[in-house]
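The values are calculated or read from the model by the stated rules, or taken from the named source; none is laboratory data. Bear in mind that the values here come from a model prediction, so they are computed numbers and not experimental data. Counting neighbours? That spans all protein chains shown, and the Cβs are built from the backbone with ideal geometry, glycine included.
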Amino acid sequence: MRISADSDVCIGSGQCVLTEPAVFDQDDSAGTVVLLATEPDAAQQDAVRDAVYLCPAQALSIVEE
Amino acid sequence: MTTPDVPTFPMNRTCPFSAPPEYEELRTDTPVVRVGLPGGQSTWLVTRHEDVRAALTDPALSSNRRNPGFPLRAFGLRVTNDFPQPMIGLDGAEHSASRRAVISEFSVPRITALRPRIQQIVDDAIDDLLASGPPADLVRTVALPVPSLVICELLGVPYADHGYFQTRTAKIINRTTVVEERQAAVVELRSYLDELVTAKEREPGDDLLGRQIRRQRDEGTEDHGSLVSLAFLLLVAGHETTANMISLGTLALLSHPDQLGLVRDDPATTPLAVEELLRYFSIADAATARTATADTEIGGQRVAAGDGVIASGLAANRDPLVFERPDELDVTRGARHHVAFGFGPHQCLGQNLARAELTILFDTLLRRVPTLALAGEVDDVPVKQDATIYGCYELPVTW
């Protein structure tokens with residue numbers, strides 16, 4: 001699984017950070033999404049899928065491999 | 001035109017904990033339905049969770065409150081003014097630019113950094129509660145002061161003026177306020193904040209408004225009127241909503257002792273309980289209103305350009321396809337996919353501040369006042385059936 005995040009669309013709701021803080025963070029000055037990992041390990045993948053569903057701005061997408 | 005078989009909106013909650021009973025039937029039979037508003041305007045009402053999410057991410061639906069089809073009458077008679085609209089009334093790139101300026105102020109890491117100060121504010125409010133009873137009114141001692149003080153410090157608004165902005169906010173959100181009184185409340189609050197922003201422009205401090213002034217100067221985008229609109233939005237939205245969730249959340253926990261026990265016995269449950277309480281009450285049910293600016297489709301229903309749309313957060317959050325036993329309060333359910341903060345690009349800016357305040361408040365209140373109980377009957381609690389943001393006017397408690 002590979003994740004991509006569109007920080008132009010992101011509204012900084014922080015839903016992804018609340019869901020999987022090991023994968024998602026927020027930039028200190030912009031407030032928008034920062035990916036800490038682009039290829040989450042198996043244990044993180046369910047949470048990443050939840051984060052995609054919860055993102056109000058639909059800024060996250062998953063590329064399954 | 002309103003005809004007898006067209007339901008009217010808003011619909012009333014029948015007890016402090018219920019959704020309007022009409023929502024269940026609408027969700028099943030006519031999930032996107034034409035409803036009549038007071039005064040004869042009509043609008044679409046969307047009641048399924050999936051459709052509410054779709055509507056709130058549909059670029060054909062505009063948030064501009066000045067579109068003629070906007071279902072304003074759901075909120076009572078509104079005044080018209082030409083003040084710059086804050087971000088809640090903007091669309092697309094204009095909205096994005098306006099929101100981007102402030103999102104870092106409300107990010108998860110920034111709010112985490114505010115937690116120690118929020119804890120102090122909560123501790124002080126509970127001291128006040130304990131000193132003024134038993135019995136005492138939780139709204140006056142805790143529910144209103146905590147979020148008011150937090151948002152004042154964040155924005156840089158003097159808390160000493162809380163009486164001024166709280167009374168005017170109460171008039172603005174009450175649907176039964178007559179139009180002249182609402183106009184006066186808006187103008188008075190606006191001119192108060194106009195003077196405050198002017199003072200900050202002379203001497204910008206280390207607070208949100210001061211930081212916005214400096215950022216605008218750096219970028220050459222100084223805009224006094226928009227800054228006053230931002231202050232207005234954040235001050236009103238920042239205290240009234242959380243205050244109502246504190247009082248209603250406390251009422252719900254005191255009325256469901258098994259659920260209260262789960263929260264008191266394990267602090268790890270509190271964040272889950274906060275999400276569940278947000279879902280259960282969905283206090284800003286009709287705040288997610290839009291107007292179609294192009295023909296579109298919601299849940300299979302054609303919606304024409306110019307039509308108003310209300311995407312009901314409360315109906316969506318009681319959708320049994322998404323939440324099992326939706327009318328039961330279950331603090332252990334994972335409810336984070338609720339739409340109590342809305343959905344789409346306008347989802348609540350202050351949601352993580354609200355989460356932090358509510359989590360700290362319930363954790364502290366239930367442990368410091370373990371014998372807390374309602375003083376009186378649930379049915380006697382005066383609820384805000386007449387306001388666009390649901391809540392209670394008073395919550396008499398004892399211990």
Fill in the blank from the handout: Contact list, first residue from the stretch A:50-65 and over 14 Å from B:His337 (Cα atoms) and touching a residue at least 60 places away in the same chain (Cβ under 8 Å), second anywhere and part of a loop (DSSP other than H, G, I, E, B) and aromatic (Phe, Trp, Tyr), beta-carbon distance below 9 Å, six or more apart or interchain, is none
Fill in the blank from the handout: Note on B:Leu37: of the conditions (1) closer than 17 Å to B:Thr296 by Cα; (2) modelled with pLDDT under 95, unmet is (1)
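Let's see how each residue does on (1) at pLDDT 95 or above; (2) under 24 Å from the mean Cα position of the chain (by Cα):
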{"residue": "B:Leu277", "(1), (2)": "yes, yes"}
{"residue": "B:Ala287", "(1), (2)": "no, yes"}
{"residue": "B:Asp295", "(1), (2)": "yes, no"}
{"residue": "B:Ser312", "(1), (2)": "yes, yes"}
{"residue": "B:Ala316", "(1), (2)": "yes, yes"}
{"residue": "B:Cys348", "(1), (2)": "yes, yes"}
{"residue": "B:Thr364", "(1), (2)": "yes, yes"}
{"residue": "B:Val381", "(1), (2)": "yes, yes"}
Practice task
Could you please find all residues in the stretch B:190-209 being in a helix (DSSP H, G or I) and of a type in the set (D, E, K, R)?
Solution key: B:Arg190, B:Asp194, B:Glu195, B:Lys200, B:Glu201, B:Arg202
Exercise for the section: Could you tell me which of the residues A:Asp46, A:Asp25, A:Asp50 is acidic (Asp, Glu), within 13 Å of another protein chain (Cβ to nearest Cβ) and within 9 Å of the chain's Cα centre (by Cα)? Expected result: A:Asp25
Completion exercise
The lone condition B:His337 fails out of (1) closer than 22 Å to B:Asp386 by Cα; (2) surrounded by fewer than 23 Cβ atoms within 10 Å (Cβ to Cβ); (3) within 14 Å of chain A (Cβ to nearest Cβ) is (1)
Exercise for the section: Output the helices (runs of 4 or more DSSP H) that fall wholly within the stretch B:91-189 and possess 2 or more residues being away from chain A (no Cβ under 14 Å), or say none. Expected result: B:108-131, B:145-155, B:162-173
Handout entry: Condition broken by B:Arg279, with the remaining ones in (1) in contact with an Asp or Glu (Cβ under 6 Å, 6 or more places away or on another chain); (2) within 14 Å of chain A (Cβ to nearest Cβ) satisfied
Key = (1)
Practice task
For the stretch B:64-72, indicate whether the set of residues that are touching a Ser or Thr at 6+ places or on another chain (Cβ under 7 Å), aromatic (Phe, Trp, Tyr), in a loop (DSSP other than H, G, I, E, B) and on the phi < 0 side of the Ramachandran plot is non-empty.
Solution key: yes
Problem - Filter result for the condition that a residue is at pLDDT 95 or above and of a type outside the set (Lys, Arg), over B:Ala55, B:Ala74 - result: B:Ala55
Problem - Neighbours by Cβ (under 7 Å, 6+ apart or cross-chain): first from the stretch A:2-17, more than 7 Å from chain B (Cβ to nearest Cβ); second of a type in the set (Ser, Thr, Tyr) and buried (at least 21 other Cβ atoms within 10 Å of the Cβ) - result: A:Ser7/A:Thr32; A:Cys10/A:Thr32
Practice task
Mind listing just one residue for me: the one in the stretch B:306-332 that is surrounded by fewer than 18 Cβ atoms within 10 Å (Cβ to Cβ) and touching a residue at least 40 places away in the same chain (Cβ under 8 Å) and, of those, nearest to B:Cys15 (Cα to Cα)?
Solution key: B:Asp327
Problem - Count of the stretch B:170-189 residues which are within 17 Å of the chain's Cα centre (by Cα) and surrounded by fewer than 21 Cβ atoms within 10 Å (Cβ to Cβ) - result: 4
